[in-house]
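> Take this structure first; my questions come after.
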Amino acid sequence: MTTLEQKSEATQPQYDVASIMGAIYGDGITGLKGAFSREWIAQLGEDIAGLYPAALARPGGAVGRGTNRHYVEIHPEDIRGFRELVSHPWIHAVCESVLGPEYKFVEIGFDVPNPGAKDQPWHRDFRVGEETLLRRRLDSLAFNITTVDVEEDMGPFEIAPGTQWDDPSSFDHGMFPPSSLYPRYEARAQRKYPKMGDVSVRSALTIHRGTANRSQKARPVLVLGVDAPGAGHDEWHDFQITRAYYETLPQSVRDHLLCRLVDTLEPIVQGHTIEGLMMGDA
């Protein structure tokens, strides 16, 4: 077994459903330290380092998320470790616990806060749907995997636990709370300092922001989006997989892909823009 391979099924740990559900429905975020080896993460970082300048050079290849910040949606085949990523037993356990056994991967990309990135406004990544607002059920998850050891001056991710349930009626575009609520979020705020190999998962509805990157280093992070059946976030993404690559994946992975099969990969024009982040910083 190489350092980039996962443990065999016989040695894979069991994860507690109640703890996972409690974290996502309570704080709105949880994580697993050391989910991947540092070698696997270094390989991921190399892949992103090659994809980022190419996306910036292509019209529509990257979308701004504030000053010196970009988000880039990619193809699963663009990274060498996609199969290991979506097959990880903890990721599977979280998705099945929160979203049910028919969960689907609908998005993969990366976010890069570069040196000089400023504090983002507090926000959600999506508007709240009826499933959450009326039925109190969360139907999507966002996994984050840092490619670097995050330090205080690198613009760490900041989140206000429990705010996935906040009433959005006063939010601009249903996503940006008024500044009068900022003291509430600042009082609850937690900054995250993951290391290479750690994985976090959150409801994208939990109020959060990227903070100012005062270092001379970028902080790339992989983003993996997952939906429950009918959540509909796939409409904002272009999750493409070639038929040739699809045939190499085990059925256990294929069952959880909501993708478009193509003969040749097509350039992705980012569809999930967050207007309030593109217009400025906090």
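> Quick test of the membrane-span-like rule: which DSSP H helices of the chain reach at least 27 Å along their long axis (C-alpha atoms) with mean Kyte hydropathy at least -0.5? Write down the numbers at each step before the final one.
Values: long enough: 38-57 (29 Å, 0.32).
Answer set is 38-57.
> Further question: Using only the Cα atoms of the range 69-126, what do you get for the radius of gyration and for Dmax, in Å?
Reported Rg and Dmax, both Å: 14.7, 42.
> How big is the antiparallel share of DSSP beta bridges in the chain, given as a percent to the nearest 5? Intermediate results must be reported in sequence, preceding the final value.
Details: 36 of 40 bridges.
The antiparallel proportion sits near 90 percent.
> What whole number of Å gives the distance from the Cα centroid of the range 172-208 to the Cα centroid of the range 96-117?
When both Cα centres are located, 15 Å separates them.
> Suppose all protein chains stay in the model; what accessible area per residue would a 1.4 Å probe give for the chain, in Å²? All intermediate terms of the calculation are to be shown ahead of the outcome.
On the way: 12450 Å² over 282 residues.
With the other protein chains kept in place, the chain gives 44 Å² per residue.
> Let me ask another. Counting every Cα pair in the range 8-116, what percent are over 24 Å apart? All intermediate terms of the calculation are to be shown ahead of the outcome.
Numbers: 2318 of 5886 pairs.
Counting pairs separated by more than 24 Å, the tail of P(r) holds 39 percent.
> Please compute the length gained on full extension between ARG191 and GLN251, using 0.36 nm multiplied by the number of residues separating them and subtracting their Cα-Cα distance. Mind dumping the intermediate values first?
Values: separation 60, 0.36 × 60 = 21.60 nm, distance 3.79 nm.
Answer, rounded to one decimal: 17.8 nm.
> Right, next: Which residue, ALA62, SER87, PRO76, has the largest displacement toward the positive end of the dipole of the range 11-89 when charges sit on each Cβ (Lys, Arg +1; Asp, Glu -1)?
Checking the options against the dipole of the range 11-89, the answer is ALA62.
> Still on this structure, please answer the following. Dipole of the range 147-195, Cα-centred, from +1 at each Lys and Arg C-beta and -1 at each Asp and Glu C-beta, to the nearest 20 debye? Before the final figure, lay out the partial values.
Working: 5 positive and 9 negative charges, 34 e Å.
Rounded to the nearest 20 debye, it is 160 debye.
> Which order do the peptides 201-210, 90-99 come out in when sorted by mean C-beta neighbours inside 10 angstrom, highest first?
Values: 201-210: 23.6, 90-99: 20.8.
For the peptides 201-210, 90-99, the packing ranking is 201-210, 90-99.
> Let me ask another. Regarding the range 141-282, what whole-number volume in Å³ per residue does the convex hull of its Cα atoms give?
Details: hull volume 22.4 nm³, N = 142.
In the range 141-282, the Cα hull volume divided by residue count equals 157 Å³.
> Still on this model: Could you tell me how many cubic angstrom of Cα convex hull volume the range 160-243 has per residue?
Details: hull volume 15.1 nm³, N = 84.
With only Cα atoms used, the range 160-243 gives 180 Å³ per residue.
> Order these peptides, 60-73, 187-200, by their mean beta-carbon neighbour count within 10 angstrom, highest first. Please list the in-between numbers first.
Details: 60-73: 20.2, 187-200: 16.4.
The packing order, highest mean first, is 60-73, 187-200.
> Summing -39500 (n - 2.57) over the DSSP H runs of n ≥ 4 in the chain and dividing by its residue number, what mean residue ellipticity at 222 nm do you reach, to the nearest 500 deg cm²/dmol?
Values: 9 runs with 70 residues, N = 282.
Only helices count here, giving -6500 deg cm²/dmol.
> Here's another thing I want to ask about it. Taking only the C-alpha atoms, wrap a convex hull around the range 138-203 and report its volume per residue in Å³ as a whole number.
Details: hull volume 7.4 nm³, N = 66.
Dividing the Cα hull volume of the range 138-203 by its residues yields 112 Å³.
> Evaluate Rg over Rh across the range 32-186, taking Cα atoms for both radii and Kirkwood's formula for Rh.
Values: Rg = 17.2 Å, Rh = 17.9 Å.
My calculation of the ratio gives 0.96.
> Then there is this: Under unit Cβ charges (Lys, Arg +1; Asp, Glu -1), what dipole magnitude, rounded to 20 debye, does the chain have relative to its Cα centre?
On the way: 28 positive and 40 negative charges, 118 e Å.
So the magnitude is around 560 debye.
> Related question: Give me Rg over Rh for the chain, both radii from the alpha carbons and Rh done the Kirkwood way, two decimal places.
Details: Rg = 17.9 Å, Rh = 19.2 Å.
Using only Cα positions, Rg/Rh for the chain is 0.93.
> Here's a follow-up. Report, ordered by chain and residue number, the aspartates and glutamates lying within cross-link reach of LYS118, taken as a straight Cα distance under 19 Å and ignoring same-chain residues fewer than 8 apart.
Partners within reach: GLU151, GLU152, ASP153, GLU158, GLU186, GLU275, ASP281.
> Students often check this: by mean Cβ neighbours within 10 Å, which of 235-246, 14-25 ranks highest, and how do the rest follow?
The peptides rank, most packed first, as 235-246, 14-25.
The values are calculated or read from the model by the stated rules, or taken from the named source; none is laboratory data. In this text the structure is predicted, and so the values were computed from the model without any measurement. Please note: Cβ atoms are built from the backbone with ideal geometry, for glycine as well, and neighbour counts cover all protein chains shown. Note: areas computed on protein heavy atoms with side chains; ligands, DNA, RNA excluded. Shrake-Rupley method; radii C 1.70, N 1.55, O 1.52, S 1.80 Å.
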